[in-house]
């Protein structure tokens, strides 16, 4: 009887082993599921300043003229320009208009300034630091005058299309409207630009 039990147990074990081997050894190729790899869009690193741009400015103007011909007030306007990026250096041109209402102690009233600018600067990637110079036309209620200006500015690329920045300019006007009055003007503008 012991032999029958041993024989039965041996048959059961060997049958179980053969069955599990038959199940594991399937003839079909195994199915390998691919895992989807997420695609990440790289963050904008900046650095390309080539192209046209336009935007708005808001600032402050301070005029110091001969004698008591002084005054200051807010300025606001718009600008349109084009830059070309040579790698580390950027060169461009711009047309800017600022509206203001600066009372020069009753001697005159400064109404607006239009500027034709050349600018050149260094490309730090998302940041552009530049110098600018050009001609400025001052309109007052006693006449107009064309003078010159120099200045510095900085622009920062918030995104590929939008930049913010600031600009400090120093102007010189001689014999405004034939009145014999000379004046220096300092302006500071905060600027927002959309790049095309």
**Which numbered condition residue 124 fails, given (1) in contact with a strand residue (DSSP E or B) (Cβ under 6 Å, 6 or more places away or on another chain); (2) under 26 Å from residue 52 (Cα atoms); (3) without any contact (Cβ under 8 Å) to a residue 40 or more places away in the chain** = (1)
**Complete:** Residue hits (region 152-177; farther than 20 Å from residue 85 by Cα and in a strand (DSSP E or B)) are 168, 169, 170, 171, 172, 173
**Asked** Which one of 149, 188 is more than 12 Å from the chain's Cα centre (by Cα), within 16 Å of residue 60 (Cα to Cα) and touching a residue at least 60 places away in the same chain (Cβ under 8 Å)?
**Response** 188
**Message:** Would you confirm whether or not region 134-148 contains a residue that is in contact with a strand residue (DSSP E or B) (Cβ under 8 Å, 6 or more places away or on another chain), closer than 18 Å to residue 190 by Cα and part of a strand (DSSP E or B)?
**Reply:** no
**Item:** Counted residues, region 99-110 - those being surrounded by fewer than 18 Cβ atoms within 10 Å (Cβ to Cβ) and at pLDDT below 95
**Value:** 5
**Request:** Please work out if residue 117 is crowded, with 16+ Cβ neighbours inside 10 Å and either under 19 Å from the mean Cα position of the chain (by Cα) or part of a strand (DSSP E or B) (or both).
**Result:** yes
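The values are calculated or read from the model by the stated rules, or taken from the named source; none is laboratory data. Quick caveat: nothing in here was measured; it's all calculated off a predicted structure. Please note: Cβ atoms are built from the backbone with ideal geometry, for glycine as well, and neighbour counts cover all protein chains shown.
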